[in-house]
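Enquirer: What follows is a structure written as structure tokens; I'll ask about it next.
Values quoted throughout were computed directly from the atomic coordinates according to the rules given, and no laboratory measurement underlies them. Worth saying up front: this structure is predicted, and the values here are computed from it rather than measured. Heads up, the Cβs are rebuilt from the backbone with ideal geometry, glycines too, and the neighbour counts pull from every protein chain shown.
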Amino acid sequence: MTNGNDKPVILLENVEKVYKTKAGPLRVLKGVNLSINAGEFVAIVGPSGSGKSTLINMITGIDRPTSGEVFVAGQRLTHLSENAVAKWRGKNVGVVFQFFQLLPTLTVLENVMMPMHYVGTYKGQRRQRAMELLELVDLPDVAHKYPSQISGGQQQRAAIARALANDPPVIVGDEPTGNLDMVSAGLIFALFEDLVSQGKTIVMVTHDRDLAGQIPRVEEVRDGQLVPADQIDERLVARAQD
Ligand SMILES: Nc1ncnc2c1ncn2[C@@H]1O[C@H](COP(=O)(O)OP(=O)(O)OP(=O)(O)O)[C@@H](O)[C@H]1O
Ligand SMILES: [Mg+2]
């Protein structure tokens, strides 16, 4: 499934991101270096506006750096066209957002089948794999419902099933539990832990200090840069006492 060696599956080299705003250029990422190996589970924390989503968007290729290099799952992203990045992302990175973003006019099953359409999986196979994924996230009973007919926690599990459709080595979440109650958040977290134990690499932004405290590696974005591990703000991460 993944290349379980210690070559980084995500590598950011001196990534800078400057947005053009009416008030002038806004430097959001100021030289970020980040190396994540296959099978790592990484939390991204930091205050609102510090650049966490911007950083995540560099990894998914949803946005591109102003300068610097990004390599994910063996691909250099910075010189690919937008179309090529979208195609690449469909196979290599599963993305989970805070507000689920399921298509409202499709059933849960059809939502999960959707990414497979783009990579040319046969229709019968799409349906079978989508059902298997819905079982994995414990949602087989709502396969034929529409997103508006199920709870937020269920929608997020469906979104995770969709993110897994093409068996990507990397899964990225931008506050995937940010809009869920504690129980639903716990279920999502347990699912992520399972995926990591199966060799997936997961990077997730979270404002939940208890969740962050359970994630083996934490990176803090502060003022557009990553903070050294021993200087991470303990208000953002609750490490279990032992
Ligand atoms: N497309 C854009 N154009 C201009 N400025 C932007 C754009 N996207 C983000 N920004 C600015 O960049 C900074 C970092 O934004 P970002 O969304 O990465 O923060 P964040 O850490 O994810 O915050 P939050 O915790 O609130 O989600 C903010 O000042 C934001 O206003
Ligand atoms: Mg954000």
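Enquirer: Between LYS22 and GLN214, what is the label-to-label distance in nm when each label sits 7 Å out along the Cα-to-Cβ direction?
Expert: 4.3 nm
Enquirer: Multiplying the sequence separation of ALA240 and ASP138 by 0.36 nm and subtracting their Cα-Cα distance, what value in nm do you get?
Expert: 33.9 nm
Enquirer: Using only the alpha carbon atoms of the stretch 8-231, find the Kirkwood hydrodynamic radius as the inverse mean reciprocal pair distance, in angstroms to one decimal.
Expert: 17.9 Å
Enquirer: Additional query: Counting Lys and Arg as +1 and Asp and Glu as -1, each charge on the Cβ, what is the dipole of the chain about the Cα centre in debye, to the nearest 20?
Expert: In debye, rounded to 20, the chain gives about 1000.
Enquirer: Amide H neighbours of VAL96 under 5 Å, counting only residues 5+ apart in sequence or on other chains, H built in-plane at 1.01 Å?
Expert: Amide H neighbours of VAL96: VAL172, GLY173, ASP174.
Enquirer: So for the stretch 53-112, taking the charge dipole from beta-carbon charges (+1 Lys/Arg, -1 Asp/Glu), which of GLY74, THR60, LEU102 sits furthest toward the positive end?
Expert: Going by the charge dipole, the pick is GLY74.
Enquirer: Given H placed on each backbone N at 1.01 Å, which residues far from VAL42 in sequence or on other chains put an amide H within less than 5 Å of it?
Expert: Those lying under 5 Å, H to H, from VAL42 are ILE202, VAL203, MET204.
Enquirer: Further, regarding this structure: With unit charges on the beta carbon (Lys/Arg positive, Asp/Glu negative), name the residue among ILE188, ALA165, LEU133 whose Cα is farthest towards the positive pole of the charge dipole of the stretch 8-231.
Expert: ALA165
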